Each structure stands twice: as C-alpha cells, then as structure tokens.
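Heads up: the structure comes next, in structure tokens.
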Amino acid sequence: MRDISNIVILTGAGISAESGLATFRGPEGLWEGHRVEDVATPGAFVADPHLVQRFYDARRANLATVEPNAAHEALARLDAEWKGELLIVTQNVDDLHERAGAKRLLHMHGELKSAWCLACDTRSPSPDTLLDFPPCPDCGQKYLRPDIVWFGEMPYGMDDIELALMDADLFVSIGTSGAVYPAAGFVQTAKYRGARTLELNLDPSQGSIYFDESRMGPASELVPAFVEEILGT
Ligand code: BV8
C-alpha cells in the first residue's frame, strides 16, 4: 500500500447491510413482490406513480430507524485524515455515509432525502412522503419525483468519477455485487490506468476477477482494518 496518494472508493448496498438496510440482490431483495429493476424505472413511474412513490416513501421512512455502522465510520475517519486525494462514490441512496461524517462523497444514483421537480427541474430536500405529490418549494407545481437515478437514466457525477479514476493509485470496491453499470465497470477503468484494485465484500462479486485482491467478510470488520492499514502507511 506504499506510494498511494489518490484513492477512489466505490460503495454499494452491502456497506449498509449491517445497519439494517436490505440489499438489492440478497434473499430480501424484493419489495412487495416487485424486483427493484421493475420499480426503479421511468416506465414504472409513468405506469404506476403511486406504487413507485410508496416504494421510496417506505425506504425514506426507514432511514430514521437505522444508524451508520463501523464501516461508514471508518470511511469517514479516512476522509478526515487522508492527506491525498479521496473520492467516495456511493451507489447507495441512503444518508449513512454523510451521517458518519464523510465529506468527499458523491451519490451517483441519487438520494432518498432529495426530490426532483419535473416542472422546474430543481432538486430540493424531499418531504417525508411524495405519495400525494406535494408542491415543489421552488415553483409550487405538484410534479415532485424521488431524486433517484433509475435504470436507463444517466448516473450523477460521471465526469468527476471518470477524472478521479484516471488519477487513482488505489480503487477499493466495498459491498457491491458488480451487477449494475456503469459502476461495475469502474474497476476496469482504474486497472487500465494503473491503479491497485481491492475488493472488500461478503461474497465474491461479478467483478472479482478484475481485482488485484479480494477480501471476503463483513464490511464492519474489513473496512476498519483496511483504514487502519492505509493510514498506517
Ligand atoms: C445507464 C437507484 C445509460 C434505485 C440504482 C452496460 C453499460 C451501461 C449500462 C448498462 C449496461 N448493461 C446494462 C445497463 C443498464 C443498467 C444496468 O446496469 N442494468 C443491470 C441490471 C444489468 N444500468 C443503468 O441503467 C444505469 N444507467 O446506464 O444509463 C445512459 C446513457 C446515456 C443516456 C442515458 C442513460 C443506471 C443504473 C442505476 C440504477 N439505479 N439505484 C434505487 O436504489 O432504488 S441501481 C441499484 O443497484 C442500487 O443503486 C444499488 O446500489 C445498485 C447495485 O447494487 P449493489 O449496491 O451492488 O447491491 P446488491 O444487493 O446487488 O449487492 C450487495 C453486495 O453486498 C453483495 O455482493 C453482497 O455480497 C454484499 N454484502 C452483503 N452484506 C454485506 C456485503 N458486503 C460486505 N458486508 C456485508 N455485511
């Protein structure tokens, strides 16, 4: 881990699993019998807006019942103490990284706590529920949707992510199955540019073959140990 200066970290649902938030493709990966891929799409929102609003209302409400775990806390400590470049790219739409204190953070798939007005295109803090289409705080019209990147929509921050991957000396993937693109392709970009690549995951992911090293186990154990190791260098 010597001569590491620029680090990019990608997190997925697995880092929040020990906080009690369900992952997508684990046994509990369905919601009211719906596959997430079927609910998290613009088509689903047009076809049944109330079903989709209920899906995100339930997950937004759930945030109040969970806390960051040792893995989120360890990344926040790395963020505070790391003197080089660091970018934490999360696929997660929960707010556990920020509640643990992470600052250099990018939500590439949006956030449950943000709402997006389809009338005036502004983003604003989301009300607890969007089910009854409350008025946009900016334009007053009633076209708020969850500020979440659905399948078929362009993830946020791709330019910043690509730039960070170009300069990365170390790319670490934590708690993600490697099932969803373009996030699942970041390891290959980093590797191509000469970065070391490390995976911390409960099980082998679809992208494990691309990593120089894969450590299997719970994030609450692997991530604090990794942060100790990297800060010790
Ligand atoms: C786009 C918000 C293009 C919704 C989500 C090739 C290239 C580009 C695109 C595609 C492509 N092939 C297919 C596509 C389309 C699609 C895609 O990838 N589909 C998949 C299903 C094949 N991609 C897209 O549509 C993306 N957009 O490509 O746009 C474009 C171009 C031009 C113009 C316009 C558009 C957008 C994808 C974003 C979709 N939105 N989330 C919501 O959250 O409700 S994705 C969703 O999956 C979540 O964000 C989630 O984070 C993400 C990935 O899942 P994971 O986080 O990995 O979670 P999962 O349950 O799968 O795995 C958990 C892992 O944790 C497991 O490995 C487990 O072992 C581990 N784990 C469990 N417990 C622990 C643990 N690890 C450690 N400790 C533990 N305790």
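The values are calculated or read from the model by the stated rules, or taken from the named source; none is laboratory data. Quantities reported herein were computed from a predicted structural model and do not represent experimental measurements. Reconstructed Cβ throughout: ideal geometry from the backbone, glycine too, with neighbour counts over all protein chains shown.
The residue of the range 191-201 that is farthest from the ligand (Cβ to nearest atom), among those that are aliphatic (A, V, I, L, M) and under 18 Å from the mean Cα position of the chain (by Cα), is LEU198. Of note, ARG145 does not satisfy the criterion of being under 26 Å from ILE9 (Cβ atoms) and modelled with pLDDT of 95 or more. Restricting attention to the range 1-18, the residues being assigned to a loop (DSSP other than H, G, I, E, B), more than 11 Å from the chain's Cα centre (by Cα) and within 9 Å of the ligand (Cβ to nearest atom) number 1. Inspect all residues belonging to the range 85-100 and state whether any of them is of a type in the set (Lys, Arg), within 24 Å of ARG25 (Cβ to Cβ) and crowded, with 16+ Cβ neighbours inside 10 Å. No, the range 85-100 contains no residue that is of a type in the set (Lys, Arg), within 24 Å of ARG25 (Cβ to Cβ) and crowded, with 16+ Cβ neighbours inside 10 Å.
Each residue in the range 137-157 was checked for being under 23 Å from SER124 (Cβ atoms), surrounded by fewer than 13 Cβ atoms within 10 Å (Cβ to Cβ) and within 9 Å of the ligand (Cβ to nearest atom), and 1 pass. Per the conditions (1) more than 16 Å from the ligand (Cβ to nearest atom); (2) part of a strand (DSSP E or B), the sole criterion not satisfied by GLU111 is (1). Within the range 203-213, identify whether any single residue is of a type outside the set (D, E, K, R), touching a residue at least 40 places away in the same chain (Cβ under 8 Å), within 15 Å of the ligand (Cβ to nearest atom) and in contact with a helix residue (DSSP H, G or I) (Cβ under 9 Å, 6 or more places away or on another chain), and answer yes or no. Taking every residue of the range 203-213 in turn, none turns out to be of a type outside the set (D, E, K, R), touching a residue at least 40 places away in the same chain (Cβ under 8 Å), within 15 Å of the ligand (Cβ to nearest atom) and in contact with a helix residue (DSSP H, G or I) (Cβ under 9 Å, 6 or more places away or on another chain). Looking only at residues in the range 101-129 that are over 29 Å from PRO224 (Cα atoms) and crowded, with 20+ Cβ neighbours inside 10 Å, which one is farthest from the chain's Cα centre (by Cα)? The extreme case among them is CYS117. Of the residues making up the range 55-95, just one is within 13 Å of ILE7 (Cα to Cα) and basic (Lys, Arg), namely LYS83. Selection over the range 46-83 of residues that are more than 16 Å from the ligand (Cβ to nearest atom), surrounded by 13 or more Cβ atoms within 10 Å (Cβ to Cβ) and not in a helix (DSSP H, G or I) gives a count of 1.
Among the residues of the range 29-42, is there at least one that is in a helix (DSSP H, G or I), over 22 Å from PRO204 (Cα atoms) and modelled with pLDDT of 95 or more? Checked against the condition, which is being in a helix (DSSP H, G or I), over 22 Å from PRO204 (Cα atoms) and modelled with pLDDT of 95 or more, the range 29-42 yields at least one hit.
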